[in-house]
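Undergrad: Supplied in structure tokens, the structure appears directly below.
The values are calculated or read from the model by the stated rules, or taken from the named source; none is laboratory data. Predicted model, so just to flag it, every value in this text is computed and none were measured. All Cβ positions, even for glycine, are placed from backbone atoms using ideal geometry, and neighbour counts span all protein chains on display. The area values use the complete protein model at the heavy-atom level, side chains included, leaving out ligands, DNA and RNA. Shrake-Rupley method; radii C 1.70, N 1.55, O 1.52, S 1.80 Å.
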Amino acid sequence: MKSSSEAEIHVVCFLDGRPGHEKQSRGILRALGEKATVQVSEIPVSRLSAPGTIPALFRILFSKAGLLADTHLKPALVMGTGSGTHLHVLLFKKRYNVPAITCMAPDRIYRKGFDLCFVPAHDGLKDGGNIVTTLGPPNCSVDRGKHCSGHGLILLGGIDEKSHRWEDDKIITCLEKILERDNSIKWVISSSPRTPVKTVKMVEDLAAVHSCLSFFRFEDTPRGWVEQQYDRASVVWVTADSVSMIHEALTAGCKVGVLPVQWKKKNNKFKKSIAFLEDKGFVLSFEGWTKRKKEWSVHENFNEAQRCADIILQKWWSRNSR
């Protein structure tokens, strides 16, 4: 509920063109707008080149004025997620003397320049100072309470040479077991930019022989498509390498299962994040589901974007929000 007497909060948000980063910033801004009057100015940027970094850093550390010329805008807050935005954010902070926020752990040389850093717990930093740890990345999902018990969603990640081994046959075996047990559910499955061509072909073949399964290539889905699927689905299976989608589905109020991948390192931060979610009962592992060791659970109010927004409002605008 917004207060009719509140001041308007003008936020400048730098965007680096990466959907995952932009969803984090926009998720917090949407949540801010639920409790205060917020005007957002989005500024697309590209990463500064190495030659441009040194003079930009010099301006941050030593100049009295920043990079941007005077404008008619009266910003109250600046934010940006992604390392490519950080110098732009800090230069803007320097010029307009406003708080700066990011949804990740910036490089050490820039970290102290931010007033708040919302950092996923799997990054290993501790709460304190300008660091606020989150269960996972904030996102744009909303639980609209429209889930249908007869609809399910399966989201596939794909190859990441540094992180894990992607095994097509094992993924398909998992899908076959899900379809066999839950064949009364109408399943929608989608690929991602990282899904190998071989996997896509195997899933298309699977969909051809299972009338309960509909496959959509990611490149054929419009913006906002996956959010619509979260609204409808009661159960969502996500491959373990797609941590952001796991948190999106949780925030949307879905029951969430995790399809396994083979991690290359035992201390992989995403592996740790998923293990934490499993231990707390937020998600169900495929092994636990197969052996019926644990039951599905739905967690209301799993909304890290709203929690981040509340922290911002409490810190700087506690009198203007409720």
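Undergrad: Which one of these is among the small types (Gly, Ala, Ser) and at positive phi: Gly124, Gly152, Gly157?
TA: Every option except Gly124 fails the conditions.
Undergrad: Also: Could you pull out the residue among Ser163, Ser184, Ser149, Ser192 that is hydroxyl-bearing (Ser, Thr, Tyr) and free of Cβ contacts under 8 Å to residues at least 40 places away in the same chain? Please lay out each step first, then the result.
TA: Working: Ser163 fails: free of Cβ contacts under 8 Å to residues at least 40 places away in the same chain; Ser149 fails: free of Cβ contacts under 8 Å to residues at least 40 places away in the same chain; Ser192 fails: free of Cβ contacts under 8 Å to residues at least 40 places away in the same chain.
On inspection, the qualifying residue turns out to be Ser184.
Undergrad: So which residues in the range 108-138 are basic (Lys, Arg) and assigned to a strand (DSSP E or B), if there are any at all?
TA: none
Undergrad: Then there's this: In the range 157-173, which residues are open to solvent by 10 Å² or more (accessible area, probe 1.4 Å) and part of a helix (DSSP H, G or I)?
TA: Within the range 157-173, Asp168, Asp169, Lys170, Ile172, Thr173 meet the criteria.
Undergrad: Keeping to the range 287-299, report how many residues are part of a helix (DSSP H, G or I) and open to solvent by 20 Å² or more (accessible area, probe 1.4 Å).
TA: 2
Undergrad: Turning to a different aspect of this structure: Checking Trp237 against (1) at pLDDT below 95; (2) farther than 19 Å from Gly20 by Cβ, only one condition comes out false. Which one?
TA: With respect to (1) at pLDDT below 95; (2) farther than 19 Å from Gly20 by Cβ, Trp237 is out only on (1).
Undergrad: Examine the range 88-107 for a residue that is assigned to a strand (DSSP E or B), open to solvent by 40 Å² or more (accessible area, probe 1.4 Å) and not aromatic (Phe, Trp, Tyr), and state whether such a residue exists.
TA: No, the range 88-107 contains no residue that is assigned to a strand (DSSP E or B), open to solvent by 40 Å² or more (accessible area, probe 1.4 Å) and not aromatic (Phe, Trp, Tyr).
Undergrad: Which one is surrounded by the fewest Cβ atoms within 10 Å (Cβ to Cβ) among residues in the range 126-152 that are among the aliphatic types (A, V, I, L, M) and closer than 23 Å to Phe276 by Cβ? So that I can check it myself, show each step before the final result.
TA: Taking the range 126-152 first, the residues among the aliphatic types (A, V, I, L, M) are 131-132, 135, 142.
Pick out the ones that are also closer than 23 Å to Phe276 by Cβ and you get 131-132, 135.
Details: Ile131: 16, Val132: 18, Leu135: 18.
Looking at the filtered set, the residue picked out is Ile131.
Undergrad: Between a residue in the range 208-223 that is within 9 Å of Ser190 (Cα to Cα) and without any contact (Cβ under 8 Å) to a residue 60 or more places away in the chain and any residue that is assigned to a loop (DSSP other than H, G, I, E, B) and not hydroxyl-bearing (Ser, Thr, Tyr), which pairs come within a Cβ distance under 8 Å, given they are 6 or more apart or on different chains?
TA: What qualifies is Phe218/Pro193.
Undergrad: Could you check the range 183-203 and list, in sequence order, the residues that are among the charged types (D, E, K, R) and exposed (fewer than 13 other Cβ atoms within 10 Å of the Cβ)? It would help to see each step written out before you state the result.
TA: Step one: filter the range 183-203 for residues among the charged types (D, E, K, R), giving 186, 194, 198, 201.
Hits for the range 183-203 are Lys198, Lys201.
Undergrad: Still on this model: Which one is least open to solvent (accessible area, probe 1.4 Å), of the residues in the range 218-277 that are assigned to a loop (DSSP other than H, G, I, E, B) and of a type in the set (D, E, K, R)?
TA: Here the answer is Asp241.
Undergrad: Right, here's the next one. For Asp123, indicate whether it is at pLDDT below 95, surrounded by fewer than 18 Cβ atoms within 10 Å (Cβ to Cβ) and under 19 Å from His247 (Cβ atoms).
TA: yes
Undergrad: Within the range 108-142, track down each residue that is among the acidic types (Asp, Glu) and touching a helix residue (DSSP H, G or I) at 6+ places or on another chain (Cβ under 7 Å).
TA: Hit for the range 108-142 is Asp123, nothing else.
Undergrad: Phe302 fails exactly one of the following numbered conditions: (1) under 23 Å from Pro19 (Cβ atoms); (2) assigned to a loop (DSSP other than H, G, I, E, B); (3) open to solvent by 30 Å² or more (accessible area, probe 1.4 Å). What is the number of that condition?
TA: Unmet condition: (3).
Undergrad: Also, I was wondering about something else. Is there a residue being modelled with pLDDT of 95 or more, within 20 Å of Val40 (Cβ to Cβ), open to solvent by 10 Å² or more (accessible area, probe 1.4 Å) and touching a helix residue (DSSP H, G or I) at 6+ places or on another chain (Cβ under 7 Å) anywhere in the range 67-85?
TA: No, the range 67-85 contains no residue that is modelled with pLDDT of 95 or more, within 20 Å of Val40 (Cβ to Cβ), open to solvent by 10 Å² or more (accessible area, probe 1.4 Å) and touching a helix residue (DSSP H, G or I) at 6+ places or on another chain (Cβ under 7 Å).
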